[in-house]
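The values are calculated or read from the model by the stated rules, or taken from the named source; none is laboratory data. All of these numbers come straight from a predicted model, not from anything done at the bench. Cβ placement follows ideal geometry from the backbone for every residue including glycine, while neighbour counts extend to all protein chains displayed.
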Amino acid sequence: MQRYNVNRFRAKVNAKLNEMALHHAAKVNNVDLIEMLVEFVGNVYARDTRGKKYTRAGSPPSLCLHFYETMPLSLQQQCRVFLRKALGTRALEVVSKLHIPPGIINYLSYQ
């Protein structure tokens, strides 16, 4: 999987216009982007306003989304997601000020 510089991302993963970022990634067959968005709490169960997921059955994006729909995140990942949500959009700034070990700060910062 290609790694992205997550410190540059401030967008809301599940924001809706006509389609979510996850739908767009599926539509353009970008499995790496789907995986990154799921890591940042992309809602794999969400549908667009017409009830579609923008995937063809058996396509790589469809198989990727199906995997994440059937396999729950690990407890470790769920904890990171919960803390990042609780810290809000400024999580990267706030997490470095917490009085916790540097390894946990790095994990919460996706480093």
Quiz item: Are any residues in region 23-81 of a type in the set (A, V, I, L, M), farther than 30 Å from residue 94 by Cα and not in a loop (DSSP other than H, G, I, E, B), and if so, which ones?
Solution: 26, 31, 63, 65
Self-check item: Test result for residue 40, exposed (fewer than 12 other Cβ atoms within 10 Å of the Cβ) and not aliphatic (A, V, I, L, M)
Solution: no
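Those residues that are of a type in the set (Val, Ile, Thr) and surrounded by fewer than 18 Cβ atoms within 10 Å (Cβ to Cβ), I need them from region 45-56; list them, please.
Narrowing region 45-56 to residues of a type in the set (Val, Ile, Thr): 49, 55.
Passing the criteria: only 49.
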Exercise. Filter region 57-85 down to residues that are surrounded by 12 or more Cβ atoms within 10 Å (Cβ to Cβ) and among the basic types (Lys, Arg) and give me whichever is modelled with the lowest pLDDT.
Key: 84
